[in-house]
Amino acid sequence: MTERDPSSPAVRLGFRENAGQFSLLVLINAFVGGMVGLERTVVPLVGSQEFGLVLRTAIFSFIVSFGVVKAFSNLASGALADTFGRKRVLVAGWILGVPVPFMIMLAPSWGWIVAANVLLGINQGLAWSMTLLMKIDLVGPRGRGLAVGLNEFAGYLAVGLTALATGYLASAYGLRPEPFYLGVGYVVLGLLVSALLVQDTGEHIRLEMVSYAPEPDTLSFREVFAITSLKDRNLFACSQAGLVNNLNDGMSWGVFPIFFSAFGLGVGRIGILKAIYPVVWGLLRSRPGP
């Protein structure tokens, strides 16, 4: 079989031209966000009420493990995508996420929760990054802002709605296992849709390079890291803002459920409060970017 010419009319950039694949990737990122939403309301309460963790630092260990692993997974995802292709990395992210809801449901100790969050961090770092990159590949340079906005909209809306749903399920059936049945559905659907329906965007990348960037950028990873983290003031400010924003979000992830519970608030109402922030975030991120 001969390789299709990337400049052929069958491969086009744009929202309308790739509506089907773009919509699938929006759906998949909703599943990715839902995996994080599983933990927003219930897991901190599992640590304090089921495992008797008193020290807040012990409870926060699952957030730290998630954040560190996700950061390195994000860092590696670009190189992995260039080497193996977007779709393969996306599917790999979902495969590594499959054990997560089962480990949390069946965990006999807090160490299992921490280990599950290591896998969740890899899942998020690979799968979220790939859905974003593949959307950008499909629409080309002119549609990147809106593609990023829709990606974040789907992901964070799912975070909030899942936090709300797990709070309701926990109030009706208990902290485990019923709230995490949602996670089983997310990983099964996410993996099947990614493996069977999503198409790799390699030809769209080649078309964009031919059309918009005939001379590839030769910056090394070290040079890119230096520019985005230190040398360019605008990118440095963006990096700082992103770090602070995610740090605040991570701390609220562990603090709020325990704080609200200490004042007698039920898990159902905690779920409502935990849902508000990511839902508003997702709705506001849906607007087109620059």
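The values are calculated or read from the model by the stated rules, or taken from the named source; none is laboratory data. The model shown is predicted, which means the values in this text are computed figures rather than measured ones. Here the Cβ is made from the backbone with ideal geometry for all residues, glycine too, and neighbour counts use every protein chain on show.
Here are a few things to note about the model shown:
- The listed residues are R206, R233, R176, and the only one of them that is basic (K, R) and under 29 Å from L13 (Cα atoms) turns out to be R206.
- Of A172, A165, A195, A147, all but one fail to be within 16 Å of the chain's Cα centre (by Cα) and either at pLDDT 90 or above or among the β-branched types (V, I, T) (or both); the exception is A147.
- F31 being under 28 Å from V255 (Cβ atoms), within 15 Å of the chain's Cα centre (by Cα), part of a helix (DSSP H, G or I) and in contact (Cβ under 8 Å) with a residue 24 or more places away in the chain: yes
- First in region 38-52 and within 17 Å of G121 (Cβ to Cβ), second anywhere and of a type in the set (S, T, N, Q) and buried (at least 18 other Cβ atoms within 10 Å of the Cβ), Cβ under 7 Å, 6 or more apart: L38/T162; L38/T166
- Pairs meeting the criteria (first residue in region 64-90 and more than 20 Å from S220 (Cβ to Cβ), second residue acidic (D, E), beta carbons under 6 Å, at least 6 apart or on different chains) are G85/D200; R86/D200; K87/D200.
- Checked against the criterion of being outside any helix (DSSP H, G or I) and more than 23 Å from the chain's Cα centre (by Cα), region 221-241 contains one or more residues that satisfy it.
- For A275, the conditions (1) assigned to a helix (DSSP H, G or I); (2) at positive phi all hold with the exception of (2).
- Being modelled with pLDDT of 80 or more and in contact with a Pro (Cβ under 8 Å, 6 or more places away or on another chain) holds for only one residue in K231, K274, and it is K274.
- Boolean, P290 is in contact with a Gly (Cβ under 6 Å, 6 or more places away or on another chain) and modelled with pLDDT under 80: yes
- Being closer than 17 Å to Y181 by Cβ and among the small types (G, A, S) holds for only one residue in G47, G34, and it is G34.
- Filter result (closer than 20 Å to L161 by Cα and either in contact (Cβ under 8 Å) with a residue 60 or more places away in the chain or among the hydrophobic types (A, V, I, L, M, F, W, C) (or both)) within region 216-260: N246, G250, M251, W253, G254, V255, F256, P257, I258, F260
- Test: residue in region 187-200 that is more than 25 Å from W94 (Cβ to Cβ), in contact with a Lys or Arg (Cβ under 9 Å, 6 or more places away or on another chain), in contact (Cβ under 8 Å) with a residue 24 or more places away in the chain and aliphatic (A, V, I, L, M): no
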